[in-house]
Amino acid sequence: MRNAGNDPLGQGGSTITQQLVKNTYLTPERTFRRKYAEAMLAFALERPRGYALFAMLTRVPVIVPLAFVAAAFLMLRYTEQLTVIAVVATYLGAYCILQPAAVLQVLTWQPLVYLGQRSYGAYLLHFLAIRIGYLIFGNDTAIGGLLTACFCLAVTVPAAELMYRAIEKPGVDFGRRLINGTGSPVVR
């Protein structure tokens, strides 16, 4: 594991299988995450029919891992099957390592990009909107809860959009200009 750090001397070594995994499936970055993925994939590949199993499990449409995530959330809702959750998380890790293009395609889907850009504002505001909704509609009936949820969406989404446009985007743009050297000079 010494090879995984930023030590310029780089001590330790990898098996032939680990080198194959690193050069074929992984990036050459020197991090613990990559070293761990390298070791786990090499371990699986050294087992009989290990590579065939990994290839078969990860060469599926991207909807399959998304369905596993949905099933895991559903399972967590009704039971605490932590072993199944660990298996799903391991599968998702392998899928992300072996199929990065499919994962990138999902992450660059415009509705997810939109939600990702506005999620911090929604995170900050939703609790306040829920509390106000409970004050207006009550929290002792199912109708009150449904009206509160609708109120929360109706208030949080536009407010998060406003926060993104008025605060977050200008701040990010200013930071990029500073990094590129085209921003306003710092006043002392």
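List, in order, the whole-Hz ³J(HN,Hα) value for each residue of the range 31-45 obtained from phi through the Karplus relation with A = 6.51, B = -1.76, C = 1.60 and θ = phi - 60°; use x for Gly and Pro.
10, 5, 4, 5, 5, 5, 4, 4, 5, 5, 5, 5, 4, 5, 5
Collect residues whose amide H, placed 1.01 Å from N in the peptide plane, falls under 5 Å from the amide H of Gln99; neighbours closer than 5 in sequence don't count.
none
Return the sequence-ordered ³J(HN,Hα) values of the range 139-147 in whole Hz as given by the Karplus equation 6.51 cos²θ - 1.76 cosθ + 1.60 applied to θ = phi - 60°, using x for Gly and Pro.
Karplus-based 3J(HN,Hα) across the range 139-147 equals 10, 9, 10, 5, 5, x, x, 5, 5 Hz.
Tell me, what HN-Hα J-couplings in whole Hz come from the Karplus equation 6.51 cos²θ - 1.76 cosθ + 1.60 at θ = phi - 60° for each residue of the range 60-70, using x for Gly and Pro?
10, x, 5, 5, 5, x, 5, 5, 4, 5, 4
Indicate the gyration tensor shape class of the range 143-186 (rounded, prolate or oblate), computed on the Cα atoms with a ≥ b ≥ c the square roots of the eigenvalues: a/c under 1.5 is rounded; otherwise a/b larger than b/c is prolate and the rest oblate.
Prolate.
Could you compute the net charge surrounding Ile97? Neighbours are other residues with a C-beta less than 11 Å from the C-beta of Ile97; K and R count +1, D and E count -1.
+1
How big is the Cα convex hull of the range 39-132 in projection, averaged over all directions, in nm²?
Approximately 8.5 nm², given one-decimal rounding.
Residues with beta-carbon under 9 Å from that of Ser14, excluding Ser14: net charge, scoring Lys, Arg +1 and Asp, Glu -1?
Computed value for this residue: +1.
Readers should treat all values here as calculations from the given coordinates under stated rules, not as data from a laboratory. Just so we're clear, the structure is a prediction, and the values are computed from it rather than from any experiment. In this analysis, Cβ positions are derived from the backbone assuming ideal geometry, glycine residues included, and neighbour counts consider all displayed protein chains.
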